[in-house]
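Novice: Just dropping this structure here.
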Ligand SMILES: O=C(O)c1ccccc1NCC(=O)[C@H](O)[C@H](O)COP(=O)(O)O
């Protein structure tokens, strides 16, 4: 059960169990973050839809695994026009690592999001990134973790899936919010999730649509519903990464 008393998919329970066992960093990190809003504005000015392309070697809902060098994948995504990157650092279920994020961030000039299941302040100190994901559903004291992330220089991206989680995110002062179309209880994806929640997001928040975006039509649908940017993984990782990013950023 999660904090809402809801049943979680076995894969998500396993992810959280592994996350709880992971220690944090030994020294507090300090980040000079590359601005996400500035990166989105630059993409718009260049006529591209702002896309955060995700380096996701595998996942509980992906068949198989890509073993390309993550830096090669990241460069290919930027070559295709990605405004920013998301990099999984969760090893057991997504094939990610802090080392991959570190190498990628040194190789590109766009903002890099650390995509992991961060539960404690100490876990912020594992690796530097420009943006760090905080999943409202799994974080007990969201205001404290948002503040702790900002104190280190991170831009916190608070991920929500329900109205209650959205209210917690705005109460915690989040100005970068992602609505995840993937229900982490059943691992099902429904783009209606974003469409139903987006109207309740304050205008001064930068809003990102996450998960299940696979086509130009999906991109247009999320943008029409109010997405400032889109976080896309599987549809980009499946095949020619540069061509996939170019297709989706040209929607
Ligand atoms: O992607 C999964 O299979 C997954 C399973 C359990 C928890 C989280 C999961 N994904 C994390 C994400 O939110 C996605 O990697 C990201 O939003 C991109 O989604 P997609 O474009 O659908 O690959």
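Novice: Residue by residue through region 157-168, note down the ones that are in contact with a helix residue (DSSP H, G or I) (Cβ under 7 Å, 6 or more places away or on another chain) and surrounded by 15 or more Cβ atoms within 10 Å (Cβ to Cβ).
Specialist: Within region 157-168, 158, 160, 161, 166, 168 meet the criteria.
Novice: Within region 33-79, can you find the residues that are within 19 Å of the chain's Cα centre (by Cα), more than 16 Å from the ligand (Cβ to nearest atom), assigned to a loop (DSSP other than H, G, I, E, B) and surrounded by fewer than 17 Cβ atoms within 10 Å (Cβ to Cβ)?
Specialist: Of everything in region 33-79, just one residue is within 19 Å of the chain's Cα centre (by Cα), more than 16 Å from the ligand (Cβ to nearest atom), assigned to a loop (DSSP other than H, G, I, E, B) and surrounded by fewer than 17 Cβ atoms within 10 Å (Cβ to Cβ), namely 35.
Novice: If the requirement is being more than 26 Å from residue 12 (Cα to Cα) and either in contact with a helix residue (DSSP H, G or I) (Cβ under 9 Å, 6 or more places away or on another chain) or assigned to a helix (DSSP H, G or I) (or both), which of these qualifies: 193, 242?
Specialist: Of the residues listed, the single one that is more than 26 Å from residue 12 (Cα to Cα) and either in contact with a helix residue (DSSP H, G or I) (Cβ under 9 Å, 6 or more places away or on another chain) or assigned to a helix (DSSP H, G or I) (or both) is 242.
Novice: Right, next: Residue check, residue 134 against (1) within 22 Å of residue 226 (Cβ to Cβ); (2) in contact with a helix residue (DSSP H, G or I) (Cβ under 8 Å, 6 or more places away or on another chain); (3) not in a strand (DSSP E or B), all met but one. Which one?
Specialist: If we test residue 134 against (1) within 22 Å of residue 226 (Cβ to Cβ); (2) in contact with a helix residue (DSSP H, G or I) (Cβ under 8 Å, 6 or more places away or on another chain); (3) not in a strand (DSSP E or B), just (3) comes out false.
Novice: Quick one: which residue in 107, 83, 122 is away from the ligand (no atom under 16 Å from the Cβ) and either surrounded by 24 or more Cβ atoms within 10 Å (Cβ to Cβ) or within 20 Å of residue 246 (Cβ to Cβ) (or both)?
Specialist: 107
Novice: Further question: Hey, can you tell me all the residues within region 220-249 that are without any contact (Cβ under 8 Å) to a residue 40 or more places away in the chain, within 13 Å of the ligand (Cβ to nearest atom) and either under 13 Å from residue 66 (Cβ atoms) or surrounded by fewer than 22 Cβ atoms within 10 Å (Cβ to Cβ) (or both)?
Specialist: Result: 235, 238.
Novice: Still on this structure, please answer the following. Can you find even one residue in region 208-217 that is surrounded by fewer than 23 Cβ atoms within 10 Å (Cβ to Cβ) and within 22 Å of residue 164 (Cβ to Cβ)?
Specialist: Yes, region 208-217 contains at least one residue that is surrounded by fewer than 23 Cβ atoms within 10 Å (Cβ to Cβ) and within 22 Å of residue 164 (Cβ to Cβ).
Novice: Could I ask something else about it? Considering only residues that are within 20 Å of residue 131 (Cβ to Cβ) and assigned to a loop (DSSP other than H, G, I, E, B), look in region 203-219 and name the one that is farthest from the ligand (Cβ to nearest atom).
Specialist: Filtering region 203-219 for residues that are within 20 Å of residue 131 (Cβ to Cβ) and assigned to a loop (DSSP other than H, G, I, E, B), the one farthest from the ligand (Cβ to nearest atom) comes out as 204.
Novice: Can you run down the residue pairs with Cβ atoms below 8 Å, 6 or more apart or on separate chains, where the first is in region 18-35 and touching a residue at least 24 places away in the same chain (Cβ under 8 Å) and the partner is surrounded by fewer than 11 Cβ atoms within 10 Å (Cβ to Cβ)?
Specialist: Matching pairs, first to second residue: 34/109.
Novice: For region 145-156, check the following and say yes or no: at least one residue is touching a helix residue (DSSP H, G or I) at 6+ places or on another chain (Cβ under 6 Å) and more than 20 Å from residue 37 (Cα to Cα).
Specialist: Yes, because at least one residue in region 145-156 is touching a helix residue (DSSP H, G or I) at 6+ places or on another chain (Cβ under 6 Å) and more than 20 Å from residue 37 (Cα to Cα).
Novice: Let me ask something additional. Considering every residue within region 176-191, establish whether at least one is more than 10 Å from the ligand (Cβ to nearest atom) and over 27 Å from residue 57 (Cβ atoms).
Specialist: The answer is no, given that none of the residues of region 176-191 is more than 10 Å from the ligand (Cβ to nearest atom) and over 27 Å from residue 57 (Cβ atoms).
Any read-out appearing in this document is the output of simple, stated calculations on the displayed coordinates, not a laboratory observation. Keep in mind that what you see is a predicted model, and the values were worked out from it rather than measured. Neighbour counts run over all protein chains shown; Cβ positions are idealised from the backbone, glycine included.
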